[in-house]
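Let me begin by presenting the structure, written as structure tokens, before commenting on it.
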Amino acid sequence: MRYAARVGYMGTAYSGWQRQAMGTGVQEKIETSLAVLEGKPVTVTAAGRTDAGVHACGQVISFELEKEWRPDKLVLAVNFRLPPDIAVLETARVLPWFDARRHALWREYRFFIWHGNALPPFLHGRVWWNRFHWDFGKVRQACALFEGDHDFRAFCKTAECPERTVRTIHRASVTRKGRLAVFTVRGNAFLTNMVRIMAGNLNAVGRGKKSVEWLKGLLGGQARENSAMTAPAEGLYLWKVGYGEGTPFGPYRVE
């Protein structure tokens, strides 16, 4: 039986999504819980990898189980053996060939940024505490430049940069309410650290350290060293993954 699940997690205590030789990945915790139910190892495929410390509320995974489960019962059974900072939020039977990564049409990330001299304690680890004020007019101009097909080589961790670094960004925007700003970006796929470096470059533009024209130049495939800082992981969430129709599992869901 083929299943898909939407997963949420606080990434603070983990070395990222992927199972790690050193450190603990979120994947390991979920696979261990599923293995107890199945009585043998279970491998899950995720829509996207997240860095150490990055959170998720819309990660999607796919996996196979021999036993047929009612979706609501499967949620309870898997969560029973998961730590409180990881949860399966929903499950569904899907078509036998569904793959959470290969069939994803887009991934959406949201970066929550708190501006100000003091951070409410309950937001610690959940937002990027940025003490500097931004020029949001310039930041919105910069966001508009991200949209479309661009060479994002300057937005990729150098040690993990692939040969092909062109990606498509469907939409990029920033909204603001009081001291909280939210950078939202949706694209077909992302490079390692790409969203965090995008946010770091928005910070450089917003603070007046760099110009919007400078950012435009980076999108022509410049080297990483010409780009700005990598924003911290806290505050970044894998928000949603799209598969068409109503999502999250789109036309692959089996009712």
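The values are calculated or read from the model by the stated rules, or taken from the named source; none is laboratory data. Everything numeric here is computed off the predicted structure, so don't read it as measured data. Methodologically, a virtual Cβ is constructed for each residue, glycine included, from the backbone with ideal geometry; neighbour enumeration extends over all protein chains shown. Note: accessible area is taken over every heavy atom of the protein model, side chains too, but ligands, DNA and RNA are not part of it. Shrake-Rupley method; radii C 1.70, N 1.55, O 1.52, S 1.80 Å.
Numbers for the structure displayed
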item	result
Cleavage-rule hits, GluC sites (Glu not before Pro), the stretch 140-196, DSSP coil, Cβ neighbours within 10 Å at most 10	GLU163
Helix 194-206 vs. the chain, principal-axis angle (Cα, 0 to 90°, nearest 10)	30 degrees
Gain on full stretching of the segment that runs from HIS170 to ASP151 - 0.36 nm per residue minus C-alpha separation	5.4 nm
Debye-sum result for the stretch 24-68 in log10 I(q)/I(0), which assumes one identical scatterer on each alpha carbon, at q = 0.31, 0.34 Å⁻¹	-1.22, -1.34
Cα gyration tensor of the stretch 97-212 - equivalent ellipsoid semi-axes, whole Å, descending	26, 17, 13
Å² per residue, accessible surface of the chain at 1.4 Å	48 Å²
Inter-probe distance in nm under a simple model that places probes 7 Å from Cα toward Cβ, at ARG101 and THR43	1.0 nm
Cα-projected label distance for ALA35 with ALA52, points at 7 Å along beta-carbon direction, nm	2.3 nm
Sparse-neighbourhood loop sites, GluC sites (Glu not before Pro) in the stretch 12-106 - DSSP loop, at most 16 other Cβ within 10 angstrom	GLU66, GLU68
Nearest-ten-degree value, helix 71-80 long axis tilted from longest Cα axis of the chain	80 degrees
Top positive-direction residue, dipole computed over the stretch 92-215 with Cβ charges, set THR168, HIS150, HIS115	HIS115
For a label point 7 Å along the Cα-to-beta-carbon line of GLN20, residues of the stretch 50-70 with backbone N under 17 Å	50-56
Per-residue ³J(HN,Hα) for the stretch 23-36, Karplus 6.51 cos²θ - 1.76 cosθ + 1.60, θ = phi - 60°, Hz, x for Gly and Pro	x, 10, x, 4, 3, 4, 5, 5, 5, 5, 5, 5, 5, 5
Debye intensity ratio I(q)/I(0), log10, the stretch 11-97, q values 0.16, 0.17, 0.21, 0.26 Å⁻¹ (C-alpha model)	-0.61, -0.69, -1.06, -1.57
The chain: angle of helix 136-146 to the longest principal axis, Cα-based, in degrees nearest 10	60 degrees
Cβ-isolated cysteines (cut-off 4.7 Å), the chain	CYS57, CYS143
